[in-house]
1. Compute the distribution of all C-alpha to C-alpha distances in segment 146-288, in bins of 5 Å from 0, and list the percent of pairs in each, rounded to whole numbers.
2. What are the residues whose amide H is under 5 Å from the amide H of residue 282, where those residues sit 5 or more places off or on another chain and H is modelled from the backbone?
3. Once you place label points 7 Å from the Cα toward the Cβ at residue 193 and residue 117, how far apart are they in nm?
4. Using a 10 Å cut-off on Cβ atoms, rank the peptides 106-112, 58-64, 257-263 from the highest mean neighbour count down.
5. Once the piece of chain linking residue 99 and residue 86 is laid out straight, how much longer is it, given 0.36 nm per residue of separation minus the C-alpha distance between them?
6. For labels at residue 224 and residue 273 in the simple 7 Å Cα→Cβ model, what's the distance in nm?
7. Through the Karplus equation 6.51 cos²θ - 1.76 cosθ + 1.60, θ set to phi - 60°, convert the phi angles of segment 219-235 into ³J(HN,Hα) values in whole Hz; use x for Gly and Pro.
8. Once the piece of chain linking residue 127 and residue 54 is laid out straight, how much longer is it, given 0.36 nm per residue of separation minus the C-alpha distance between them?
Amino acid sequence: MRLARSRRTAAAVAAAAVIAPALLVPSTASAEPAKDAPAAQQELPIPDAAHAPTVEPKVLESLGALTPALIGSAATRDSDGKVNTELLAQVRKLADNPAVPAEAQDVWRSLIDFLGEPGAKEAAKTLSLEATPAAEKKKSDAPDIPTGPGKPRIQQFLYPTLGFGCMPGGGNSVGMALVTAGPQAAPAPGPKRGQAGYVYTSLGTGPAVKSAQKLFVTWLNIDNGRTGQQALLPNPKINATNGPGTFTGIANTGRGRIVSTIYGTVTTKIKGKNVSCMIAPTIGTAII
């Protein structure tokens, strides 16, 4: 896939995110904890650039092509006020097309399950466990998330993405995103109950800087119908001195299943100069 085509795909998906509040995108990346940040705020799984996952442009293109259909299925309710299962079935047929890369098929099937009955059951189980006194919880019933004092609940986005021209010399940066469910300390100042904390990292870049060109997250709570959009900003307590460029934000999503998209432009400082680059959107799911 040529770079120009990649940019057109990313721009089209990002535009859809602005028009339809249900659109959600970007990927997840991470780096070694910054020395200037408290340890409790650096327990986020952010790999360094040397250990970044491989991102296939063809996979990103396939994911971008199916995004509008999935957004429609999440935002369009049936007569009972639930996610439209007929639309989900149609999207599943698209995902099963042999022409779709296997990695993209896995992502869409995961998202379809999250939007449908399997996701509803998992959300109910998680919220029920949270409401149960610790003494009554069974370890085998615990959701598959980190536990223990100070352990953030990490829910990574469904796939990593690319930032075009983010690296010195014009190279592409792998981008990774994750969500933390409150209440907890990460990302600082920490989401409260009913809030989602978003973290996007552009691997291999310098520290994030403020810019008129923004990185955005758009989210949809498919259980309460609430939607929102906000900018993700540099966080002075996370990777602020040496990078990689890390952008965070806290959203008042309410409790339930959240589908999110991260898209837009990241700006980092590399060798004393500000470098702005557009990222291909990525999608994430989380139970808040």
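1. So the P(r) values, bin by bin, are 2, 11, 21, 23, 19, 13, 7, 3, 1, 0.
2. 25, 27, 262
3. Going by the 7 Å Cα→Cβ label model, 3.1 nm.
4. Values: 106-112: 19.7, 58-64: 22.3, 257-263: 28.3.
Packing proxy ranking, top to bottom: 257-263, 58-64, 106-112.
5. Details: separation 13, 0.36 × 13 = 4.68 nm, distance 2.22 nm.
Length gained, residue 99 through residue 86: 2.5 nm.
6. Roughly 4.6 nm, to one decimal.
7. 9, 9, 8, 6, 9, 10, x, 6, 9, x, 8, 7, 7, 9, 10, x, 10
8. 22.9 nm
Since every read-out is calculated from the coordinates, none of them should be taken as a lab result. Bear in mind the structure is a predicted one, so any value in this text is a computation, not a measurement. Quick reminder, even Gly has a Cβ in these numbers, built from the backbone with ideal geometry, and neighbours come from all protein chains shown.
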